[in-house]
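S.K.: Have a look at this one.
The values are calculated or read from the model by the stated rules, or taken from the named source; none is laboratory data. Every value quoted in this text rests on a predicted model; they were computed, and no experiment measured them. Every residue, glycine among them, receives a Cβ derived from its backbone with ideal geometry; neighbour counts consider all protein chains shown. Just the protein is used for accessible areas: all its heavy atoms, side chains included, with ligands, DNA and RNA removed. Shrake-Rupley method; radii C 1.70, N 1.55, O 1.52, S 1.80 Å.
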Amino acid sequence: MTPAGGRGHAVLSASSSKQWLNCTPSARLREQFPEETSAAAEEGTLAHRFCELKLRKLFLEPGMPEKTYRAELNRLRKEGHYSPEMDRFTDEYTAYVQQIAYGYPAAPYIAVEKRVDYSHVAPEGFGTADCIILYGTELHVADFKYGRGVRVSAEGNSQMALYALGALRAYGMAYPVEKVCLHIVQPRIGNFSAWATTARDLETWAETVVKPAAGKAFAGEGEFRQGKWCDDCFCCIAGTCRARAEANAPVLKAQVDPATGKMREEATLTGKEIGELLPLLAMAEPWIRKVKKAAMAKLLAGEEIPGWKLVEGRSSRELTDVKAAYAALVKAGYKKAMFYEQVPLPLTQAEKLITKEDYDAVLAPYVRKPKGAPALAPEGDRRPQYEPDSTPEEDFGGENTYREENAIC
């Protein structure tokens, strides 16, 4: 529902809070650009509607007739972005909420898709919390994430913290909340993150961090600052921001060999230099991609970028009518089997075609998650350090150890 004033989203929205808390002028900048949607966003919206229906049936309207519930489910399943795996993943979210609720000796208070107001700490601030659970002195705020891209953590999550502040304002008189638990449920990548804090600490954060930043953000004041929020929050000028250019260009320039004009080779850098460079490149790499995307958009729109132009990229030949072409070859005497092969679908595509019941009963016994390839991460990353299954010595040693006297040259 769009609030009075006609705007469906707050200037200081909770979902973009990571950005405006760190880069305050960006909040007003968003108003200059039209809101964009995507297939992924529409898919996520549909998944949230499934979550809402399932929680309503379970907690808010337990007397809902099964026929009514099934009819609503079937209506949602006819939406364009539906796939059977959506049922399975929204069931996992429902089960997660159940686990919290059923952990209390009596039924807690539960609100689903609840609009919360945190305008007491951020001007005109409001948002919609997926699920709020209250019992005694405890408050839980759960958020369902259907994306499989960026892994979201509940720890220190400003979006969830603002929802919690709104819930404290709405229910604080009835529930003397002391403990606040924030939950992120991201089932498509197996991410179930929880973090506990206190109402007192949350309110201190609101006074010392949120209020000062929100005041500047609402007024469009402050300095542009680069950080992970540039890309995590889908900033509208991520590729054309001057502050990012001023932060990243010197980093890249410093790695250019003045004698050759080319980037320095990795081999000429020490381990210490590489370690110092990596966090800077972590900011520069996504910025470079966004700059290229912005350049492409400007050129396609007819704008001029001195020194650059659009050219036709590589393309591959294709058949105008595959079935007719191969039918003609078969008619010419070739065997049909020569042109067709039966290949199983990738697991992610197969999951979309089957029901939760068949996934659990039929497919799950065959599913395994192999060890991932090593990936660079900052030392403070919560994931355990990568341990290879074998050492280079084990791979190439033993009886097959290379010996100089055995070399043939």
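S.K.: Anyone know which of THR128, THR197, THR348 comes out most mobile in the 10 Å Cα GNM of the chain?
M.R.: THR348
S.K.: Accessible surface of LYS356 in the full protein assembly, 1.4 angstrom probe, to the nearest 10 Å²?
M.R.: 60 Å²
S.K.: Just from its helices, what would the mean residue ellipticity at 222 nm be for the chain, if runs of 4 or more DSSP H residues each count -39500 (n - 2.57) and the sum is divided by every residue, rounded to the nearest 500 deg cm²/dmol? Working shown, then result.
M.R.: Values: 14 runs with 154 residues, N = 409.
Rounded to the nearest 500, it is -11500 deg cm²/dmol.
S.K.: If you place +1 on the Cβ of every Lys and Arg and -1 on the Cβ of every Asp and Glu, how big does the dipole about the Cα centre of the chain come out, in debye to the nearest 20? Could you put the intermediate results ahead of the total?
M.R.: Values: 53 positive and 56 negative charges, 284 e Å.
Around 1360 debye, computed over the chain.
S.K.: Taking the alpha-carbon set of the stretch 109-165, what are its Rg and Dmax in Å?
M.R.: 12.1, 36
S.K.: I would also like to ask the following. With a 1.4 Å probe and every protein chain left in place, work out the accessible area per residue of the chain in Å², rounded to a whole number.
M.R.: It amounts to 66 Å² per residue over the chain.
S.K.: Ordered by packing density, taken as the mean number of other Cβ atoms within 10 Å over each peptide's residues, highest first, how do 182-193, 245-256 rank? The partial results should precede the final answer.
M.R.: Working: 182-193: 19.3, 245-256: 13.5.
Packing order, densest peptide first, comes out as 182-193, 245-256.
S.K.: Something else about it: Provide the gained length on full extension for the span ILE288 to GLN349, in nm with one decimal, where the gain is 0.36 nm per separating residue minus the Cα-Cα distance.
M.R.: Here the answer is 18.8 nm.
S.K.: Quantify, in whole percent, the carbon and sulfur part of the accessible surface of the chain (1.4 Å probe; protein heavy atoms only).
M.R.: Details: 14820 of 27170 Å².
Whole-percent figure for carbon plus sulfur exposure: 55.
S.K.: Oh, and also: Binning at 5 angstrom from zero up to the longest distance, how are the C-alpha pair distances of the stretch 71-169 distributed in percent?
M.R.: It works out to 2, 10, 18, 19, 20, 14, 11, 4, 0, in whole percents.
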